[in-house]
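Inspection log for the structure reproduced underneath, given as structure tokens.
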Amino acid sequence: SRSVFDCRAVVVGRDRGELLAGLGEVAGGRRGGFARSGRTAFLFSGQGSQWPGMGRGLYDAFPVYAEAFDAACGAFEGVGLGGLRGVMWSSEEVHQTRFAQAALFVHEVALVALLESWGVVADVVAGHSLGGLTAAYVAGVWSLGDAARLIEARGRLMQALSSGGAMAAVEASEAEVREAFGGIDIAAVNGPRAVVVSGPEAEVEGVREYFRDRRSRRLSVSHAFHSVLMEPVLDAFREVVAGLECRPPLRRVISDATGEVLTAEQAADPDYWVGHVRGTVRFADVVANADVTRFVEIGPDAALTPMVQQTLPEAVCFPLQRAGQDEQFTLLSRLGQAYEDGLTVDWTALIPEAAPVDLPTYPFQHQRYW
């Protein structure tokens, strides 16, 4: 109930001991920060960040999350993808493309609903691959039913492709890779010296061998996403998109296909969303062009935060979840850190049952002149 100042601190604890320890850190100057003005971006992570059990802790703790989660699962049931909750919480099937993309969407939109119930809103939204679709939905491009129809088709068609192909993350710039391998598909440009190549296994391994003196790693994926190997499903996907009602974005969306602001014309164009499946994810450009003070990563793990900091080393990014960690504690801790940085949070809505503690008034700080 006190005035909010620029110098602020939030202490989160699961018991009295943790709260007292946190207060001790505040008193010792080891916790807290100075709030900054400026805009906030929500970044939605894509396939690969999922893990079995994600969202269960939030579902049990927060009714708003549970309601939005149930609504999104119901939308997928309506388009033929049932049993999603069970897969998300107790099955390794959550890593299969058909389930993974739907599961990430459900978790992320439920998390946004929870944040908005606490007065936490984004000025800018963006994502990485599947996360770009979540960002468009959050910006109002589709209804929940149409978004579920789109994402179910996307995951189902991708998974139905013949297995094969490979993807690898390579420590190299886009220009270096294109100069050495003009025909290779670059699935993503995640930073100034961080690309993902995708395509037939021999071609991908050829890139890794060429850059053998640098860091690289094969990605654990079922298919070579964002490559020529996606082309057999593009016509079928176009038919699905053409049947959706696409509306102009209601908030600023940075397209991960172009790195620029998503226009109303692009949002309504089926060819744009087909190209989104096939083309390069330009995430480094998203970060560079967001023009915000802070990034809040929405997803089940801190997948995008390292990429943000590669492009903007001075960037401040708050991932709201970490794989395998206590979801409620992690969410509130990261939200507290973002509040210290200047993010608006309605704490009364977050903890409606809490009773403010009477604090003593400020002492009169008189100064003696004799």
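Within the stretch 283-293, how many residues turn out to be surrounded by fewer than 24 Cβ atoms within 10 Å (Cβ to Cβ) and either in contact with a His (Cβ under 6 Å, 6 or more places away or on another chain) or not hydrophobic (A, V, I, L, M, F, W, C) (or both)?
Adding up the residues that qualify gives 4.
Starting from the stretch 102-125, take each residue that is part of a helix (DSSP H, G or I) and list its partners that are of a type in the set (K, R), counting only C-beta distances under 9 angstrom and pairs at least six apart or across chains.
Matching pairs, first to second residue: V106/R85.
Would you pick out the residues in the stretch 11-42 that are open to solvent by 30 Å² or more (accessible area, probe 1.4 Å), touching an Asp or Glu at 6+ places or on another chain (Cβ under 9 Å) and on the phi < 0 side of the Ramachandran plot?
Answer for the stretch 11-42, where residues must be open to solvent by 30 Å² or more (accessible area, probe 1.4 Å), touching an Asp or Glu at 6+ places or on another chain (Cβ under 9 Å) and on the phi < 0 side of the Ramachandran plot: V11, V12, R14, R31, F34, R36, R39.
What is the number of the single condition among (1) open to solvent by 20 Å² or more (accessible area, probe 1.4 Å); (2) over 26 Å from A122 (Cα atoms) that F237 does not meet?
The number of the failed condition is (1).
Between T344, T361, which is open to solvent by 50 Å² or more (accessible area, probe 1.4 Å), modelled with pLDDT under 90 and assigned to a loop (DSSP other than H, G, I, E, B)?
Exactly one of T344, T361 is open to solvent by 50 Å² or more (accessible area, probe 1.4 Å), modelled with pLDDT under 90 and assigned to a loop (DSSP other than H, G, I, E, B), namely T361.
Would you point out which residue out of A355, A349 is touching a helix residue (DSSP H, G or I) at 6+ places or on another chain (Cβ under 8 Å), within 27 Å of F5 (Cβ to Cβ) and at pLDDT below 95?
A349
Please count how many residues of the stretch 43-62 are open to solvent by 20 Å² or more (accessible area, probe 1.4 Å), touching a helix residue (DSSP H, G or I) at 6+ places or on another chain (Cβ under 7 Å) and either farther than 13 Å from L111 by Cα or of a type in the set (A, V, I, L, M) (or both).
3
Which of the following residues is within 28 Å of R217 (Cα to Cα) and modelled with pLDDT of 95 or more: G182, G165, G145, G155?
G155 is the lone residue from the list that is within 28 Å of R217 (Cα to Cα) and modelled with pLDDT of 95 or more.
Quick check on my filter: what residues within the stretch 327-341 are within 15 Å of the chain's Cα centre (by Cα) and either at pLDDT below 95 or open to solvent by 30 Å² or more (accessible area, probe 1.4 Å) (or both)?
Within the stretch 327-341, R334 is the sole residue that qualifies.
If you go through the stretch 53-65 one residue at a time, do you hit one that is aromatic (F, W, Y), assigned to a helix (DSSP H, G or I), touching a His at 6+ places or on another chain (Cβ under 8 Å) and touching a residue at least 24 places away in the same chain (Cβ under 8 Å)?
no
Could you identify the single residue in V87, V125, V94, V121 that is open to solvent by less than 50 Å² (accessible area, probe 1.4 Å), under 22 Å from F42 (Cβ atoms) and either within 18 Å of the chain's Cα centre (by Cα) or modelled with pLDDT of 95 or more (or both)?
From the options V87, V125, V94, V121, the qualifying one is V125.
List, please: which pairs have Cβ atoms under 7 Å, are six or more places apart or on different chains, and start with a residue in the stretch 188-216 that is on the phi > 0 side of the Ramachandran plot and open to solvent by less than 20 Å² (accessible area, probe 1.4 Å) and end with one that is β-branched (V, I, T) and in a loop (DSSP other than H, G, I, E, B)?
G199/I184
When both residues are 6+ apart or on different chains and their Cβ atoms are under 6 Å apart, which pairs have a first residue that lies in the stretch 241-257 and is open to solvent by 50 Å² or more (accessible area, probe 1.4 Å), and a second that is among the aliphatic types (A, V, I, L, M)?
So the pair list comes out as R247/V141; P248/A264; L250/A139; R251/A139; R252/V124.
Which residues, counting only those in the stretch 163-177, are of a type outside the set (A, V, I, L, M, F, W, C), open to solvent by less than 40 Å² (accessible area, probe 1.4 Å) and farther than 20 Å from A257 by Cα?
G164, G165
Being open to solvent by 40 Å² or more (accessible area, probe 1.4 Å) and not aliphatic (A, V, I, L, M) narrows it down to one residue among G299, G324; which is it? Explain how you work it out, then say what you get.
Numbers: G299 fails: open to solvent by 40 Å² or more (accessible area, probe 1.4 Å).
Residue meeting the stated conditions: G324.
Go through the stretch 128-227 and tell me which strands (runs of 3 or more DSSP E), entirely inside it, have 3 or more residues that are under 19 Å from the mean Cα position of the chain (by Cα).
Here the list reads 185-191, 194-199.
Out of A160, A135, A180, I need the residue that is of a type in the set (A, V, I, L, M, F, W, C), surrounded by fewer than 21 Cβ atoms within 10 Å (Cβ to Cβ) and either out of contact with any Lys or Arg (no Cβ under 9 Å at 6 or more places or on another chain) or free of Cβ contacts under 8 Å to residues at least 12 places away in the same chain (or both). Which one?
Answer to the check: A180.
Taking R368 as the residue in question, decide whether it is in a helix (DSSP H, G or I), charged (D, E, K, R) and either exposed (fewer than 15 other Cβ atoms within 10 Å of the Cβ) or without any contact (Cβ under 8 Å) to a residue 40 or more places away in the chain (or both).
no
The values are calculated or read from the model by the stated rules, or taken from the named source; none is laboratory data. Computed from a predicted structure; not experimentally measured. In this analysis, Cβ positions are derived from the backbone assuming ideal geometry, glycine residues included, and neighbour counts consider all displayed protein chains. Calculation scope for accessible area: heavy atoms of the full protein, side chains included, ligands and nucleic acids excluded. Shrake-Rupley method; radii C 1.70, N 1.55, O 1.52, S 1.80 Å.
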